[in-house]
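One structure is given below, encoded as structure tokens.
Only the coordinates and a few stated rules stand behind these numbers; no lab work does. None of these values were measured; they are calculated from a predicted model. Because the Cβ atoms are built from the backbone with ideal geometry, glycine has one as well, and the counts that use them run over all protein chains shown.
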Amino acid sequence: MVAKPRVAFYWAASCGGCDIAVLEIREKILDLAQAVDIVFWPVAMDFKYQDVEAMEDGSIDACFFNGAIRNAENERLARLMRAKSKILVAYGSCAYEGGIPALGNLSNRAGIFETVYSGSPSTANPDQSRPRTSHELAEGEAELPAFYDTVKSLGQTVDVDYFVPGCPPQAHQTWAVFEALLKGELPPPGSVVGAGQKTVCDECEHVKEEKRVKQFFRIHEIIPDAQKCLLEQGIVCCGPATRSGCGALCPTANLPCRGCYGPPPGVVDQGAKLLSAVASVVDADTEEEAERIVSQIADPIGTFYRFGLAGSLLRRSRTQ
Amino acid sequence: MKKISIDPITRLEGHGRIDIFLDEDGEVANAYLVIPELRGFEKFCQGRPVEELPRITSRICGVCPEAHLLASAKACDAVYHVEPPSAGKKLRELFYSAFYVGDHATHFYILGGPDFVMGPDADPAVRNILGVIGKVGVEVAGKVVEARARALDIVKMLGARTVHPICAIPGGMSKSLGAEERVHVEESARWMVDFAQFTIQLFDDLVLGNQEYVDLILGDVFALPTYYMGLVDDNNRVNFYDGLVRVVDPEGGELVKYAPHEYLDNIAERVEPWTYVKIPYLKKVGWKGFTGGKDSGVYQATPLSRLNAAEGMATPLAQAEYERMYETLGGKPVHQTLTTHWARIIELLYAAERLLELATDPEITDPNVRTIPTETPTEGVGIVEAPRGTLTHHYVTDEQGLVTSCNLIVGTTNNIAPMSTSIRQAAQGLIKKGEVISEGLLNMVEMAFRAYDPCMSCATHALPGRMPLEVRILNDAGQLIERLSQGID
Amino acid sequence: MEENGFEPRIIAFLCNWCTYAAADAAGISRMKQPLNVDVIRVMCSGRIDPSFVLKAFLEGADGVIVSGCHPPGDCHYGEGNYKTFRRMPLLERLLDQYGIEKDRFHWGWISAAEAPKWAELTRDFTRKIKELGPLDWQGYLKEMESKEA
Ligand code: SF4
Ligand code: SF4
Ligand code: SF4
Ligand code: FES
């Protein structure tokens, strides 16, 4: 009898949604529990860091790692899980390309601390104290992991074998990845798995008519036609520059895609691709008109890189 | 001085750790609940268009994204000075009620419930959902799974996704409820009301029928009189989606009832150098340290707190259960934190009844669920009751609606101070002259903690059914002199 | 001006038919031009993907120029330059949000007959970048990665 594959799950800077997403395979979770040995899953089971540290290097067959690398503890665990795992999977947008936490790369540690611990209107902090990596309490010493200036993806921290996009990945895709793993049918390392090879637009049922727009609308400003392409109605939609796989979910609620499945195959920078796609629907014959129309797009960086700033070419903004 | 670390206690919007310090005599000097994680949403939401915040801030928590989505959308409504149409508001509440049923069911059966159903002294190996199944029958497991699935199906029907749904936007909902969809919701709601009643019956049989458990609930180790907070409607009845925040003192007298935009007059947050999470307290009472009582600004925001802070439930079956609970326990307010499990299933019943009311409201399928804002955006506060506490989002924008300030007081953090206090109390009761009752300490600390349903014990704490805990006792030189653990060796 | 001898690295993406021809002519007629500008020839300005510009900055450019044929009618491929003027204002705003100063990015039109205009652009642009100092994106990323609390 062949030994069951040993599988681990871990979360770093995450929201917990990726762990819930694993459970979203619903009754198949029992099949999974049958087919593999889950050796580490802090959210669901009683195992500790020490257990993992005690394992031999490479003794975990596959580790599904969600969450971004925001602090020193996240990085330590990324290195630990890499060392112990034969296959390391970046699961979900945060691990894959920084996710929402990577919007923090529009600021830095000092900026975030200033806002959270001084600037916020409910904060009462006359002494301007800040969390410290090491602090002497009356009763003893307390420690905190160092908070980084820049959020990194898992792949920017350690070598990663597979990437599963999505915030969070959709259940049918997660299951497809588990199946491929169990059957030994995973593609070559370095691949994106649990997603399609096209764009969200290719899966979307909203009809495209090659229309151009004279005006962009923000989502609260317009009630769109539920049958037609949102982008062609002037709502910035990330579908054209986002990898297929979710089934074009967000447009089914009459709201635009925000790009959580990351760039489509062959695209190096999702934001740049999206910029071109959005510009392509601008109905302008003069420079002035083009300028006027695109000036209605509210927040290019936060929209085009909503889930992937850490994984973008420039990775972060320049701050003082 | 000794230091005991319980590390890590898995998730609380990040990872958590408990440090218990002993003094020279081996008595508990203090206990700290340390949250070593911060993601900085308050900063990186600045510069974003405010209408995108519901979809961004929901990523604070994948366990209760619905709560963030709605608090955020309500803050956006206020920023744009817009009222959603009546059907839009009702649809938001319908969506939220469905979520509540799923979340409370998960917590009761999978997280907190096993402590009761199996009893706290049961072998930890059976103190989990599997043990519950063994004791009360396998059909229970099926029902819990079905409750969750039905709830999530409604969430997805409206919100497009089960985790991180997206349907709430400034001015209302992005999607209305179709006639066929409504039939489906109504059918589920009826099922859920039955399920909630079944749950209460189960609780009666297994818990209230057993004096040992009742004694445990009412025991002193878990009593923490503080202020209590919860959202109430016009008649001071519990509401999850809308209303005023009511705070009562440890004797049950009303301290204040405030509208969302008045939160800054009422809540302040402390910064401590040993944790990344800020600690909220009642501004008018003031910060007196990690302690309960009328002079301390520490408050709780849990299911029990909501029941304490209100004067009743807005639906008939839940109201009857509300009355019965307080009668059984000898009046209001109740301070025993473990009672929150009971309060939670009363809320479960309320959520199911409310869902049914809304699903059968003639207006609910009205396609007019959005108002387009026309006024210049300025500033707004949105508050909902998250399952784990009152949730406040506060945004200020420029004239373009780009965020210049974003302030968030999230569910679980409300309870950081009382959790720390409960943990210290539990530890004080269990550590005398440096002597530790090993399994007892871990169990009790865990139960004190879990009663709050902190996000770290999120919906998935499923398989072995108890939290991995480790207590390390260190001497002055930082050397390990004793190690107690569960779920580790 | 040449304090501490900073010699900026400038990348210019030029369309083959207009601005590249102008740059070529400027070189042949030995117009005064700084040596800082590296020209990358593309067939049409409409082929300049915004990611080229980002990549140039990532890989060490202190400034980037994009230039093609005058609209409306000069583009050899019809409306390639329309694409450009629909994209570039948006790219400008994006770069601004990245914290890259406006003066580090120039886009516009120079026809084959406007060699002196090209020479002047390179002189002005280089002077401005010298004033701004180095961008050094890689160095900045390293610095922001290593800085821990
Ligand atoms: S990818 Fe999305 S769901 Fe997963 S941890 Fe990150 S924010 Fe949460
Ligand atoms: S742009 Fe958006 S709405 Fe249009 S087809 Fe693509 S995904 Fe669908
Ligand atoms: S539509 Fe876009 S944002 Fe929505 S789930 Fe799919 S990839 Fe993610
Ligand atoms: S050929 Fe010069 S811009 Fe198209």
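Here the protein assembly as shown is described by how far its Cα atoms reach on the three principal axes: 101, 69, 66 Å, from widest to narrowest. For C:ASP103 and A:THR319, the FRET efficiency from 1/(1 + (r/R0)^6), where r spans their Cβ atoms and R0 equals 25 Å, is about 0.85. Partners of C:LYS55 within straight-line reach, counting lysines whose Cα lies under 16 Å from its Cα and excluding those fewer than 8 residues away in the same chain: A:LYS273. Taking Rh as the Kirkwood radius, which is the inverse of the mean 1/r over Cα pairs, what is the Rg/Rh value for the range B:26-79? Across the range B:26-79, the Cα-based Rg/Rh ratio is 1.23.
Extending 7 Å from Cα along the Cβ direction at C:ALA113 and again at C:LYS142 yields two label points whose distance is 4.9 nm.
Size descriptors for the range A:59-100, from the alpha-carbon set: Rg then Dmax equal 10.0, 32 Å. Legend: P(r) of chain A from all alpha carbon pair distances, 20 Å bins from 0, whole percents, reading 29, 52, 18, 1.
D by Stokes-Einstein for the range A:1-94, Kirkwood Rh over Cα pairs, 4 °C, 1.567 mPa s: 96 µm²/s.
Given only helices, namely DSSP H runs of n ≥ 4 each adding -39500 (n - 2.57), what is the per-residue ellipticity at 222 nm of chain A, to the nearest 500 deg cm²/dmol? Could the numbers behind the result be given before it?
On the way: 11 runs with 85 residues, N = 320.
Calculated at 222 nm, the ellipticity per residue is -7000 deg cm²/dmol.
Here's how it looks for B:ILE169: its modeled amide H is under 5 Å from those of B:SER174, which are all 5 or more places away or on a different chain. Over all directions, the projected convex hull of the C-alpha atoms in the range B:235-329 averages 7.3 nm² in area. Dipole magnitude for chain A: about 220 debye, using +1 per Lys or Arg Cβ and -1 per Asp or Glu Cβ, origin at the Cα centre. Partner aspartates and glutamates whose Cα lies under 16 Å from the Cα of C:LYS83, excluding those fewer than 8 positions away in the same chain, are identified as A:GLU210, A:ASP283, A:ASP285, A:GLU287, A:GLU288, A:GLU289, A:GLU291, C:ASP49, C:ASP74, C:GLU92.
To the nearest 20 debye, what is the magnitude of the charge dipole of the range C:27-149 about its Cα centre, counting +1 on the Cβ of each Lys and Arg and -1 on the Cβ of each Asp and Glu? Please report the intermediate quantities before stating the final value.
Values: 18 positive and 18 negative charges, 74 e Å.
Its charge dipole is roughly 360 debye.
Taking Cβ atoms as reference points and 13 Å as the exclusive limit, the residues near A:PRO121 contribute a net charge of -3, counting Lys and Arg as +1 and Asp and Glu as -1. A compact globular protein would have a Cα radius of gyration near 2.2 N^0.38 Å; the ratio found for the range C:70-130 is 1.28.
Note on B:PHE198 and A:ASP57: their simple-model spin labels are 5.3 nm apart, each label 7 Å out from Cα toward Cβ. Students often get this wrong: which residues of the range A:177-211 have the backbone nitrogen under 15 Å from the point 7 angstrom along Cα-to-C-beta of A:ALA35? Within reach of a label on A:ALA35, which here means backbone N under 15 Å from a point 7 Å along Cα→Cβ, the range A:177-211 contributes A:177-187, A:194. Across all C-alpha atoms in the range B:380-433, the radius of gyration and Dmax reach 17.8, 62 Å. Pairs of C-alpha atoms in the range A:253-320 farther apart than 17 Å represent 50 percent of all such pairs. Each of A:GLN215, B:VAL50, A:ALA78 was placed along the dipole of the protein assembly as shown (beta-carbon charges, centred on the mean Cα), and the one lying farthest toward the positive end is A:GLN215.
At a temperature of 4 °C and a viscosity of 1.567 mPa s, determine how fast chain C diffuses translationally according to Stokes-Einstein, using the Kirkwood radius over alpha-carbon pairs as Rh; express D in µm²/s, rounded to the nearest whole number.
On the way: Rh = 15.8 Å.
Estimated via Stokes-Einstein, D reaches 82 µm²/s.
Note that the range A:225-231 has calculated 3J(HN,Hα) couplings of 5, 6, 9, 9, 4, 5, 4 Hz, one per residue in order, obtained from phi through the Karplus relation 6.51 cos²θ - 1.76 cosθ + 1.60 (θ = phi - 60°); glycine and proline are x.
Pick out, from B:MET192, B:GLY171, B:LEU264, the residue whose Cα sits farthest towards the positive end of the charge dipole of the range B:146-266, with +1 on the Cβ of Lys and Arg and -1 on the Cβ of Asp and Glu. So the residue furthest toward the plus end is B:GLY171. Once backbone amide H atoms are built at 1.01 Å from N, B:TYR227 has B:GLY293, B:GLN300 as its partners under 5 Å, excluding neighbours fewer than 5 places away on the same chain.
Taking only the alpha-carbon atoms of the range A:155-283, what semi-axes of the equivalent ellipsoid follow from 5 times the gyration tensor eigenvalues under a square root, in whole Å, largest first? Intermediate values should be presented prior to the final figure.
Working: eigenvalues 185, 49, 25 Å².
The answer is 30, 16, 11 Å, longest axis first.
Give B:LYS74/B:LYS332; A:LYS152/B:LYS74; A:LYS28/B:LYS175; B:LYS135/B:LYS156; B:LYS90/B:LYS156; A:LYS28/A:LYS183 a once-over and call out the pairs whose C-alpha atoms are over 23 Å from each other. Too far apart for the 23 Å limit: B:LYS74/B:LYS332; A:LYS152/B:LYS74; A:LYS28/B:LYS175; B:LYS135/B:LYS156.
Charges were assigned to the Cβ only: +1 to each Lys and Arg, -1 to each Asp and Glu. The resulting dipole of the range A:156-240 about its Cα centre is roughly 340 debye. At the listed q of 0.18, 0.27 Å⁻¹, the Debye profile of the range C:1-57, built from one uniform point per Cα, gives log10 I(q)/I(0) equal to -0.72, -1.10. If R0 equals 22 Å, the separation of the Cβ atoms of A:GLU210 and A:GLN296 corresponds to a calculated FRET efficiency of about 0.60. Scanning chain A for GluC sites (Glu not before Pro) in DSSP loops with at most 13 neighbouring Cβ atoms within 10 Å leaves A:57-184 as the longest stretch between them. Annotation: aspartates and glutamates with alpha-carbon distance below 14 angstrom to B:LYS283 (same-chain offsets under eight excluded): B:ASP249, B:GLU262, B:ASP265, B:GLU269, B:ASP295. Dipole orientation for the protein assembly as shown: of the candidates B:GLY26, B:GLY293, A:PHE40, A:PHE40 has the Cα lying most toward the positive pole (charges on Cβ; Lys, Arg +1; Asp, Glu -1). Restricting the calculation to Cα atoms, the range B:177-335 yields a radius of gyration followed by a Dmax of 18.5, 55 Å.
Can you compute the FRET efficiency between B:GLN211 and A:ARG132 using 1/(1 + (r/R0)^6), with r the Cβ-Cβ distance and R0 = 41 Å? Round to the nearest 0.05. List each step's numbers first, then the result.
Working: r = 49 Å, r/R0 = 1.19.
Taking R0 as 41 Å, the efficiency between B:GLN211 and A:ARG132 is 0.25.
Pairs of alpha carbons in the range A:153-196 separated by more than 13 Å make up 55% of all such pairs. Along each principal axis, taking the top coordinate minus the bottom one, the Cα set of the range A:26-157 gives 56, 37, 29 Å in descending order. Sequentially through the range C:95-102, phi angles give Karplus couplings (6.51, -1.76, 1.60; θ = phi - 60°) of 4, 4, 5, 6, x, 9, 4, 3 Hz, Gly and Pro residues having no value and appearing as x.
Sequence-ordered 3J(HN,Hα) estimates for the range B:382-395 from the Karplus curve with 6.51, -1.76 and 1.60 and θ = phi - 60° stand at x, 10, 10, 8, 7, x, 9, x, 4, 10, 10, 10, 9, 10 Hz, glycine and proline given as x.
For the range B:344-432, count the residues as N, evaluate 2.2 N^0.38 Å, and divide the Cα radius of gyration by that value, please.
Numbers: Rg = 20.4 Å, N = 89, 2.2 N^0.38 = 12.1 Å.
Here the answer is 1.69, to two decimals.
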